[in-house]
Structure formats: C-alpha cells, structure tokens
Amino acid sequence: MTNPRQPHQPRQLSLNAFLHDTGHHEASWRHPESSAERAHDIEFYVEQAQKAEAAKLDGVFFADIPGLWAATPYRPTAHLEPITRLSAMAARTEKIGLIATASTTFHEPYNLARLFSSLDIISGGRAGWNIVTTQSEAVARNFSLATMPDPAERYARAQEFIDVVTKLWDSWEDDAVLADRDSGRYFDPDKVHAINHVGRFFQVEGALAAPRSPQGRPVYVQAGSSNEGRAFAARNAEAIFTAHQTLGDAQAFYDDIKSRAARFGRDPGHVKILPGISPFLGDTEQEAKELQQYFNELTVPAYGIGQLESLAGISLGHLELDERVPVELFAGSGDVLDNNRSRLQVVANIVERDRPTLRQLLHRLAGGRGHNVVAGTPLQVADIITEWFENGAADGFNVMPPLYPQLLDAFTAGVVPILQERGLFRTEYAGSTLRDHYGLPRPDSLYAATAAATTA
C-alpha cells in the first residue's frame, strides 16, 4: 500500500475542473463567444482536459443522468456518455484524473465494474467513479419503471452495489498475472477469485473479466448531501462533491462527514470534501460583477422557473419577477430526506437570509444550481478558496467555470498561480494516478488480505 503524502508534507488543495458543455451558467451557450456548436465535439473536451492538466489540476469530472437533463429548448441538454468520453480523453492526456458519474439504480454491478476497470487500465490509473442513485421520475421511465424507488431503497441497493463492485475489482490479486511462457500459465488460478455474491438485489459469481487495475480500485466519489447520502458517503466515499453558499454551512457539513467517517473506523483524512465554486473573474471586482450581470441578462426566466418548480414541487406562476419570494414557499425544506430536498435547503436558506425577488433568486441559481458563485479578481477568489481550506470547510474544490474555455483559462492563469505561491497547490504532479493526486492510499485486495491473514 502506498501513499504519496508523507507526514511532514503540508496539506495541499485538491482542484477538479467540472466540465459541463459550454459552461455552468445556464445561459453560457448564448454568450457570443461560447462553444455551443461544439457541445458534442470530443476535441472540445480533450482541449479542456489538456488545459486542466497543464495547470496540474487533480481531475476533470462529468456529471450525468441517463436521460435528458431537462426537456427544454432553453439550454443544451443532450450529453455524451461520460465513461466513453473519458476513455477517448485518456488517450490524449497523461496525468489528469478522469471522474465519471454512473448510477447504481440503472446499471448492473458486473458491467459497471468492467467499464471503470477498463478506464482505469486505459488511463494508467486515473479513473474515479462518482456514485449516484438518481432520483428522476423521467429517467425511471427510460428503464421500464413506472416510478423511482424511494431514497432508502435506492441507497440500500447502492450499498450492495458498491460491495459487489469492490469484490469484483479485488477478484484478481495484484500478482495474479504470470505471463509465464515456460510453464504455459498466463495467470495463477489461486489468485483469481469467484466472489459468489448472493444478496437482496444482486447475485454475481465473478471473477471480473479483467485483471486488477493500476489503482486497485477507481477512486470512490459521491455527490449526495441528503441524510442517506451523508451516511453512504461517510462509509464509502473517498471524495465528496457538495454545494454550500456560506463558510458556516460548509464547515458544518465538513465536520459532520469527517465525524461520521471516523465512526465507521475510517481515516477522516482519506475523505476529501470538495464544494463547488463557480468564479466570474475580472481585472477588477466591478468588471467581474458586470460580467456576471451580463450572463444573468441572457437567462430565459421560463427555464429557471421551470427548474425551480421541479426542484421545490411548487408553483411560482403567481409571482411577478420583481416580487420578493415568500419564505413560507419553502417551509419544511429543512427535513433533508433526499438529494432534491438537500439542494432545496440551499435555496430555502438563500430566500430566508437574503429575501430576494424571484428574478434575483433565478439569477443566483443560474450560475451554479446552488453552488457558490463568486465574482471578483483572481486574488479575491484565491482568498475565498484559502479561507475555506484553512478553516475546516473544504479539502479542495470542484471548479465550475461559468463559460468554457474562457473562464477556465482565467482561473488557471490567474487563481492557480496565487495558490501555488502560497504553497497550497502543487506546481508539479507528485504521482501519476488520481489516488496519488488526492493523497489517497492504494487499497490492498480483500482477497490478498484474507489470504495473508489465513497464512499468518
């Protein structure tokens, strides 16, 4: 087991580029300099990954649901499948981590284990799996389901799913492949294990049809902040993507997850908390704010209202755009039962704290869907990242540029050098795998550990 971070080394930020077609602002595609015509061009995404790698970022990340994100003509909604996309990008990059979203509700463990194992092998150990359970009723109807299972059922399936893929990824021990021409044996059959899993949701014999990958297992990433999601993340995740608007909220989440992980007997340092940040950057703060306002003026209110109504399960048709949003519309949002409700709590907090008009609320959500949108100079954005990192709110960030490639370029050229000068971010990669970048150990095979204990 290896861990590139030595005890005497200072703690370092982790930074991912969250790739999202033309950018994270919902109106980014309408910007006159957007790459809207390249939303399905693999070269466009290769270019962004290469830029992120040149800046020594930890990884690139794709969110995904197996269906249209929204049945609306107001923004790009059809996306390439992320594992396929990252496999193509792996051939054109060398060090950058490659993180794809895949649902435990709409995959089978054996197929998904093969896909991610292949990505990890192809990339030389750079794969990460963002584990989601999916909650869209529209997606359920794509998979012959009349309705989605409830959150408790989805997370029960997810836990068994991850147990199965873990055993599959470990089913070949690291030294199982012999390639011994003299004896005629390609592998040692004593080191390739049928997993013989029989559970509530899955019956899987195994072993996996691939040897153990460079990282042992892809990095386990999770993005749920619901009650079930937090428990699942604390038990399983090695990196957690989350959304917070304030330092205090982020600190409370950080403390909660780290404490839960410790109760599961895990090292809290091996659970990376990575909030989203969507920066509008300018040479002056005023310039950055004017850029943000320009983007907001490109939004289509009907789209934002539809998204918010879907999230909240309420009608907003009776409100004028410049009317204050009543706090009582979001009553009960604090009962965080699923991920929709947890994101809704972020919205409810904005309404209660800032008392925005409907137009102002739509603009607040247009840039990052509840993630922290900031507008300022590179120094101001670097100060925010530093404050959260040094005050128990984040181990790093998912960087969500409002416009690709321009505002990714602005971030890597302006913010990253400041973080490097402060000694908070690498100037060169210390290793070649995503686990190396995150400072995570390479896990031993469950079966190798069992064999070692038996012979001890």
How much of the pair distance distribution for region 345-456 lies past 17 Å, counting alpha-carbon pairs only, in percent?
70
For every other residue with a beta carbon closer than 13 angstrom to the beta carbon of Arg30, add +1 if it is Lys or Arg and -1 if Asp or Glu, then tell me the sum.
-4
If you project the alpha carbons of region 186-226 onto their three principal axes, what span does each projection cover, largest first, in Å?
45, 29, 13
Rg over Rh [alpha-carbon atoms, Kirkwood Rh] for region 57-215:
1.03
For the chain, the count of lysine pairs 8 or more apart or interchain whose alpha-carbon atoms are under 15 Å apart comes to 4
What is the percent of Cα-Cα separations in the chain that go past 38 Å?
22
What does DSSP give for the chain in terms of the percent of beta bridges that are antiparallel, rounded to the nearest 5?
15
Long-range alpha-carbon pairs in region 129-256, meaning those over 22 Å apart, account in percent for 53
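Each value in this text was obtained by applying a stated rule to the coordinates, not by laboratory testing. Being a predicted model, the structure only gives us computed values, none of them experimental. All Cβ positions, glycine included, derive from the backbone under ideal geometry; neighbour counts span all protein chains shown.
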